[in-house]
Every structure is written in structure tokens, then in C-alpha cells.
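Q: Dropping the structure in here first, questions after.
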Amino acid sequence: MKAVRSPVLRFSQLVLGIVLILSAPLLAPLPGPAGIFLFAGGMVLVLRNSRWARLKWARLKRRWPRTGQFVDRMMRRQSAMRRHERAKAAKNTTVTTGAN
């Protein structure tokens, strides 16, 4: 069963995600990968709390499937993990049935 979060919590997480995404380019010139992690964390928060962002993300993934799949895996999104497990199971099934 999915827990219902309060609208205030969802909105605050959405705003925090936007702030993280906008602050990532400021840290990009500094040594180290801090900007990448801030951007990824911001994307996770925005995608979890915004239906509009999820729709746009789905459209981008349809247009550039390899890039979308890579980013989903790097952000460790649950949907990407499920797709990866299904693909691995299908590949194992194909290999097993193809060996007969």
C-alpha cells in the first residue's frame, strides 16, 4: 500500500529538488563531482513530486531511449530497476530455451 504524503511535504521536496538542480551548475567548476550528485538528487526529488516532470521525462526517454535508460539506471529509479530485471530474466529465458 502506498503511503500518502502531505501536500506541504511534497511541495517542499519539489522546491528543494529545483534548488538542487539550479545550484548544480554553480558547483560544476569546482574540483570533484559535486555538481553531478546535486543534479541527480534534484532530478529524483522533482520526478517523485511532479506529475508534469514525469510526463516530460517519459517523452524525453521515448525520444532518446538509450540516454533515458542510462540516466534512470544512474539515478537508481525503481522503474529502471524493474525493467532491467525483466530484461535480464527474458534474456536468461531466451538463452535457456535456445540451448535446447
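The values are calculated or read from the model by the stated rules, or taken from the named source; none is laboratory data. Everything numeric here is computed off the predicted structure, so don't read it as measured data. As a convention, Cβ positions derive from the backbone with ideal geometry for all residues, glycine included, and neighbour counts pool all protein chains shown. Calculation scope for accessible area: heavy atoms of the full protein, side chains included, ligands and nucleic acids excluded. Shrake-Rupley method; radii C 1.70, N 1.55, O 1.52, S 1.80 Å.
Q: Please name all residue pairs, on different chains or six or more residues apart, with Cβ atoms under 9 Å, provided the first residue is in the range 5-31 and is in contact (Cβ under 8 Å) with a residue 40 or more places away in the chain and the second residue is in a helix (DSSP H, G or I).
A: Nothing qualifies.
Q: Looking at the range 30-55 only, could you name the residues that are open to solvent by 30 Å² or more (accessible area, probe 1.4 Å) and either touching a Lys or Arg at 6+ places or on another chain (Cβ under 7 Å) or outside any helix (DSSP H, G or I) (or both)?
A: Listed by number, the residues that qualify are Leu30, Pro31, Gly32, Pro33.
Q: Here's something else I'd like to know. Filter the range 72-100 down to residues that are modelled with pLDDT of 75 or more and among the aliphatic types (A, V, I, L, M) and give me whichever is nearest to Arg5 (Cα to Cα).
A: Taking the candidates together, the pick is Ala87.
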